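Notes follow once the structure below has been shown.
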Amino acid sequence: MRIYIVDDDEAVRLMLTDLIEDYDLGEVVGEADDGKAISTELMINKRVDVLIIDYIMSGRDGLETVERLNADGFDGKIVMISQDHHIESISLTKDEIYYHFEKPLNRLKVQRVLKNIKRELEYENKPCRSLKKFAKRR
């Protein structure tokens, strides 16, 4: 499972990377501190299965980034991170977001959700769903 992490807090990115690597939950194929760095082309080129993205960031926030990715046909799993006071905004897009975590992150919860996603992807036998959908569009 290929994971891309976007959060303006370097400590959060590092914690998630360590957790993913320590528990063999997948491979972190990239990270960014702003949604402006994220595009569907990047997700396809990196063969991203899971995007973990913060809701509030300078530049382009997570919600706008997710909306752009979905409009362009990205069909990877999206996990949103936010402060608890942003839950209402995120619930409006629950069809686009696989799971939502509140900060501070609970390592056990993150581990459980990523294990579930990994199992789902293995069951679907589609380790990189984004490429297949992109190929159909061309």
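The numbers here are math on the coordinates, done by the rules we state, and not lab data. All values derive from a computational prediction rather than experimental measurement. For neighbour counting, all protein chains shown are included, and Cβ atoms are generated from backbone atoms with ideal geometry for every residue, glycine included.
Hey, can you grab everything whose amide H is under 5 Å from the amide H of GLY30? Only 5+ residues off in sequence or another chain; H modelled, so Pro and N-termini drop out.
HN-HN under 5 Å from GLY30: ILE5.
Per residue of the range 26-31, what does 6.51 cos²θ - 1.76 cosθ + 1.60 with θ = phi - 60° give for ³J(HN,Hα)? Whole Hz please, x for Gly and Pro, Karplus curve as stated.
Listing the rounded values in order: x, 10, 7, 9, x, 8 Hz.
Once you put a point 7 Å from the Cα of ASP75 and another 7 Å from the Cα of GLU10, both along the Cβ direction, what distance in nm separates them?
My value for the distance between the label points is 3.8 nm.
Calculate one ³J(HN,Hα) per residue across the range 115-121 by plugging θ = phi - 60° into the Karplus curve 6.51 cos²θ - 1.76 cosθ + 1.60, and present them in order as whole Hz with x for glycine and proline.
For the range 115-121, the Karplus curve yields 5, 5, 4, 4, 4, 4, 5 Hz.
Distance in nm between label sites at ASP22 and LYS103, each 7 Å beyond Cα in the beta-carbon direction?
2.0 nm
Lys/Arg Cβ at +1, Asp/Glu Cβ at -1, dipole of the range 1-122 taken about the Cα centre: which of LEU51, GLN111, ILE81 is farthest positive-ward?
Positive-end residue among those listed: GLN111.
Apply the Karplus curve 6.51 cos²θ - 1.76 cosθ + 1.60, θ = phi - 60°, to the phi angles in the range 73-82 and return the couplings in whole Hz, x for Gly and Pro.
Working through the residues one at a time gives x, 5, 10, x, 6, 10, 10, 9, 10, 7 Hz.
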